[in-house]
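Peer 1: The structure under discussion is supplied below as structure tokens; questions concerning it will follow.
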Amino acid sequence: MLHDFHQPQVSLSDWQKFGIESSPLIDAVIDRVEADLPDWFVPFAHGVFVAGDALLRIAGHRDGMRRPRGWRQAIGNDVDGVYVHHVDPVDPYNSRWLLVRECLVQGLWMVERWTGRRRHGDADDILVHEFGSTPIFTRSCPAAMRLAMHCHLKGPPAGLRWTPACPD
């Protein structure tokens, strides 16, 4: 079985069985093709999980809430639907920030954690479910922001973790 330490590979049938019934944190399961994930992005994941209400409540989010303070839209040529929150703005050489990005195909939002010393082109760490290193997406920007902040400050809830988006 091929795998990476951070991204264990599970069979497609096991991943499909896991689904919604196996975790109250998950609201929906979207396969990799439908989510239009690039090949380099968590390459062993079969798709994405959409965060359920239980997970969002843990992060302090309720439907209809506005964007939390401290987030700003990223500035650049091709960054519509990207917001950042600086975690360590004091150290410009090793700064860290949280980032949420809209997945245009599904209208979902992914949660990322970046550092100033990035090794890969598009992302450092992505929030995943431990089962198959499946990325966790949300249905709204404010939900993704609160989930990012919660997981950075308090650590991800049981069953979730940060992992490199592009393994070495």
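Peer 1: With respect to the numbered conditions (1) under 30 Å from Asp31 (Cβ atoms); (2) modelled with pLDDT under 65, which one is the sole condition not fulfilled by Gly107?
Peer 2: (2)
Peer 1: Right, another one. Looking at (1) open to solvent by less than 70 Å² (accessible area, probe 1.4 Å); (2) at pLDDT 70 or above; (3) over 19 Å from the mean Cα position of the chain (by Cα), which is the one condition that is false for Gly64?
Peer 2: For Gly64, the failing item is (1).
Peer 1: Now for a separate question. Take the stretch 23-51 and flag every residue that is within 17 Å of Ser13 (Cα to Cα), assigned to a strand (DSSP E or B) and not aliphatic (A, V, I, L, M).
Peer 2: Asp31, Gly47, Phe49, listed by residue number.
Peer 1: Select, from Leu127, Leu99, the only residue that is outside any loop (DSSP other than H, G, I, E, B), farther than 23 Å from Ser23 by Cβ and at pLDDT 85 or above. Walk me through how you get there before you give the answer.
Peer 2: Details: Leu127 fails: farther than 23 Å from Ser23 by Cβ.
Just a single option satisfies the conditions, and that option is Leu99.
Peer 1: Let me ask another. Restricting the search to the stretch 130-157, which residues are of a type outside the set (Ser, Thr, Tyr) and modelled with pLDDT under 90?
Peer 2: Taking the stretch 130-157 as the starting set, the residues that turn out to be of a type outside the set (Ser, Thr, Tyr) are 130-132, 135-137, 139, 141-157.
Within the stretch 130-157, Glu130, Phe131, Gly132 meet the criteria.
Peer 1: How about the stretch 128-160: which of its residues are open to solvent by less than 30 Å² (accessible area, probe 1.4 Å) and small (Gly, Ala, Ser)?
Peer 2: Gly132, Ser133, Ala143, Ala144, Ala148, Gly155, Gly159 - these are the residues of the stretch 128-160 that are open to solvent by less than 30 Å² (accessible area, probe 1.4 Å) and small (Gly, Ala, Ser).
Peer 1: Kindly list, by first and then second residue, each pair from a residue in the stretch 147-164 that is more than 22 Å from Asp63 (Cα to Cα) and without any contact (Cβ under 8 Å) to a residue 60 or more places away in the chain to a residue that is open to solvent by 30 Å² or more (accessible area, probe 1.4 Å) and assigned to a loop (DSSP other than H, G, I, E, B), limited to pairs with Cβ atoms under 8 Å and residues at least 6 apart or on different chains.
Peer 2: Pairs found: Arg161/Glu130; Trp162/Pro156.
Peer 1: Further question: Looking at (1) exposed (fewer than 14 other Cβ atoms within 10 Å of the Cβ); (2) modelled with pLDDT of 85 or more; (3) of a type in the set (Lys, Arg), which is the one condition that is false for Arg32?
Peer 2: Checking Arg32 against (1) exposed (fewer than 14 other Cβ atoms within 10 Å of the Cβ); (2) modelled with pLDDT of 85 or more; (3) of a type in the set (Lys, Arg), the one that fails is (1).
The values are calculated or read from the model by the stated rules, or taken from the named source; none is laboratory data. This structure is a prediction, so every number in the text was calculated from the model and none was measured. As a convention, Cβ positions derive from the backbone with ideal geometry for all residues, glycine included, and neighbour counts pool all protein chains shown. When the accessible area is computed, the model is the full protein with side chains, heavy atoms only, and any ligands, DNA or RNA have been set aside. Shrake-Rupley method; radii C 1.70, N 1.55, O 1.52, S 1.80 Å.
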